[in-house]
Structures are given as C-alpha cells and as structure tokens.
1. Restricting the calculation to Cα positions, tell me the Rg (one decimal) and the Dmax (whole number) of the range 359-428 in Å.
2. Report the local net charge at Leu292: Lys and Arg +1, Asp and Glu -1, summed over other residues whose C-beta lies under 13 Å from its C-beta.
3. Just list whichever of Lys297/Lys371; Lys194/Lys287; Lys115/Lys144; Lys116/Lys379; Lys249/Lys407 have alpha carbons separated by over 20 Å in the model shown.
4. On the first, second and third principal axes, largest extent first, how far apart are the outermost C-alpha atoms of the range 96-146 in Å?
5. Work out, step by step, the length gained on full extension between Glu59 and Thr81: first 0.36 nm times the residue separation, then minus their alpha carbon distance; give nm to one decimal.
6. Pull up the cross-link candidates among the aspartates and glutamates for Lys127, meaning alpha carbon to alpha carbon under 16 Å and not fewer than 8 places away within one chain.
7. Accessible area per residue, 1.4 Å probe, Å², for the range 186-268: what's the number?
8. Using alpha carbons only, what's the Rg to Rh ratio of the range 191-250 with Rh from Kirkwood?
Amino acid sequence: MEYTRRSVLTALGLGAVAAATGCSASGGNTQAAADGPAEGEISLLTPLFEGSTGKDLLEGKLLPAFKQKNPNVTVKVDYTTYAALNEKITTSLAGGLMPDVVMLGVGWIPPFAHKKVLAPLPDELAKRYEYEDRVLEPSRYDGKLYALPMVLDTRIVTYRKDLFAEAGIKAPPKDWAELRAMSKELARGDGAGKLTRVGFDPFSIDLRQCWETFLFANDGNLFDESGQQVKFNDDRGVEALQLFLDVIKDKSADYSFKSSAGQPTTLQQGRSAMMMSNNSLWVQLKKQSPELLEEDKVGAFILANKVPAMLQGGTMVARSASSKHAAAAQALVEFMGTPESILPTAEQRGSVPGVQNLRTSTYVKENGFVKLALDNMSKARSEGGTAAWMEIREKIKTTLETAVVGKRTAKEAIDELANLSKEAISRL
C-alpha cells in the first residue's frame, strides 16, 4: 500500500488536518512477524507520561526495567499530548515513519486496524491477566486483538455531600427525573437572577464524552455491532442531549460554568453541587482541596436512567504493522501491559488500572473514585465502534454545542450528527 499525506488523512477521516502541506512518501504496511530475538532501536509514541513527573517515571523506572529484561533493545521516546496524538500519527504515516509502538485512545483501534496500520497481537495476551470483558472490547477489531489496555479513565458523577445535607437530600439521584429535581433544588442565585452555584455541572468535561455517558445511561448505543449503522439518532440519543437543555432552562446549570484543565473545579469551589467528572479528580482533590476528602464532603455515583452506565475511556498500547523490529516492538507492548507497568502509570495520573489483578492494591483501596470505577466495570461502555470513528469524533462536540447554545433543537443537532456520521461511514 502506498501512503501519501492526503490519502491517509482522507482514508482515516482526518480532513481537518488536511490543510497542512507535506510531501508524499511511501510507508508500506507489510507486517513483520514478531518472532526471533528482541533487538534493535524502536520508537514509542506516547501521550500518557506528561510533564517531568511522567518522563521521570517512564525513563527513570519503566524503560530501565524493560531494558534489563531486553538488553538488546533501545527505546526512543516521542512525547505528545492527547490533543495532538491523532495528527501526530497521521503525519508519521504520511512520512513513512510510523512509530514501532504507539499508545492510542479508546475507540481508535477500529480506524487504524481497518487501514492495516496496526499489527494483531497474540490472543493469548488477553488471557494473561484478569480483564473485564468490557475493558478488552475496545482492543479488538474484526475478531482480532490489536492492543493491550493500560489505564482507564471513566466518567462518573461527583457531588458535594455537605451541600446535599444542607438541602436535606439524603441520597444521590436514581434517575434523570431525580437528577433534574435535585439540580433545581441545589442551585443558588444572587437575587438578581444570576447563578452563583449550579445544581449540576455537565460541562466541565468534554461535551462529547458527557453526552455519550447520558446516551449509555438511557440504554442507547452509538453504532450497531458492525459499525456500519448509526444508532444514536433515536429517542434515547435526543433525550440525552435534551436533558442538558432542560437543566439550562431550569436555571440549574449554565454552559459558562466550566473549569479549565488543572484548575480547581466548580465542585471544589462550591460553584456546583453535582458535576460530571473523570475519576482522576480524586488526585486533584488531594493536591488542591485535601480538606474536602478529609472531611468526607465529596462523594461519587454512577449515572443512571434506564440503566446505570459509566463511560470508559483510557489508553491502550499497540504495535505498528510496519515495524522493522517487530519482536522488540511486541516485547515493549507486552511489558507496558503488565501490572508492574500499569500500576505506577495509573498512580501518577489518578487513572483506573486496566487489569483487575490490581484491584487489591493499596492505590485502588485508597482512591475512592478508582475503586468505584473498578467495582462498576460491568456497567462500563466505550465510545467508538466504527472504522470511521476518527472523523466522526471530531464532529460530535461542535455539533452538539449548537443545541446547547440555543442554535438548534436537540433533535436537529442529533439528526445533523447522524447525517455527518453516515457520510463518514459511507466513505470507508
């Protein structure tokens, strides 16, 4: 197969990046067998080890341990961010310089496996450690295993126990009707109609992931099992988006009540009584607002309506199909997928370990949000599910946002997103 920057961008549904210029280059996808000795210099592309702390962990602890087991392998690390990862991979493909090992987000395996960018892994690796079935689902495509789960990032609802107690609310909401009623009761204004505290903040996490969590809790799906048919444009998908519009209309939520990454959240500030959160909020609370944990003022629960559901995102590690040192690359994939690598990686980010073997670790026992996630993995659902996902995912937030800011009805926005998705799928 001949790769050019434009053909790769088009094939993978990455038209937003296509404006960048670049020379075409070959990058064949002939897959080397991962047998023989593990040796040679290989490259690792990762968004997972951010900043000096992450780099110290990877280069100061994990890779030296890998080197000890594989003395003839040298690993060259290319650090990136999750926001830049998609374009980084695409640029590498266009230049014929695909990394030997790459860490990918949940939902990314079907698009890249479909284009034969990734090499299948031995299925026995999926049986080496104890995984929940739902954790392994995003690692497979067309019946084959293409990645090992490392760390998971789930979406849960966090709440202020002290504010609930002040309002006389004794338990978290069991469904959306209770969520909406409690949100109205917990909201506060300044007397002039301006909100000073929202009852519910769904907007401090990515709007795409927030809506997906509500879709799943409404027992909806993004696509059918084949990944060829859109399923979210029924009543369940519309109702999930409509709830955001309803809590805004109730003046118990506000799209402007958002917290920036790394900054104290609306929940920490007391500007929200409930907030959609990532499980990593526990680590942020320990660093920025330890008194909230020490005084047991923050709790968490799994969103529910027709069914309880928790969005499962995360990071997986995979091998390039074009690696010239396949055995070395697979050795690194296997090493990064071990509990010994996963546990410190999860700890530094506040993530959920991808293997159940670690549920008895001190880290899990002491992190309430991680423990909640692991205890509820049977309720976890993942985004993606179609080979056209990389194109579709980029359109979800901007399309849904048109309804949130009042430019479209919920149904109009969902119908538009469905049409865009069908077009992307038709180009596969």
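1. Using the Cα atoms of the range 359-428, the pair Rg, Dmax is 17.9, 49 Å.
2. 0
3. Too far apart for the 20 Å limit: Lys194/Lys287; Lys116/Lys379.
4. 36, 18, 18
5. Taking 0.36 nm per residue and subtracting the Cα distance, the gain is 6.2 nm.
6. Of all the aspartates and glutamates, those that pass the test against Lys127 - Cα under 16 Å, at least 8 places apart if same chain - are Glu137, Glu334.
7. 41
8. Rg/Rh: 1.11.
The values are calculated or read from the model by the stated rules, or taken from the named source; none is laboratory data. The structure displayed is predicted, hence computed values, not measured ones. Virtual Cβ from ideal backbone geometry, glycine too; neighbours counted across all protein chains shown. Each accessible area value is taken on the protein alone, full model and side chains, heavy atoms only, with ligands, DNA and RNA left out. Shrake-Rupley method; radii C 1.70, N 1.55, O 1.52, S 1.80 Å.
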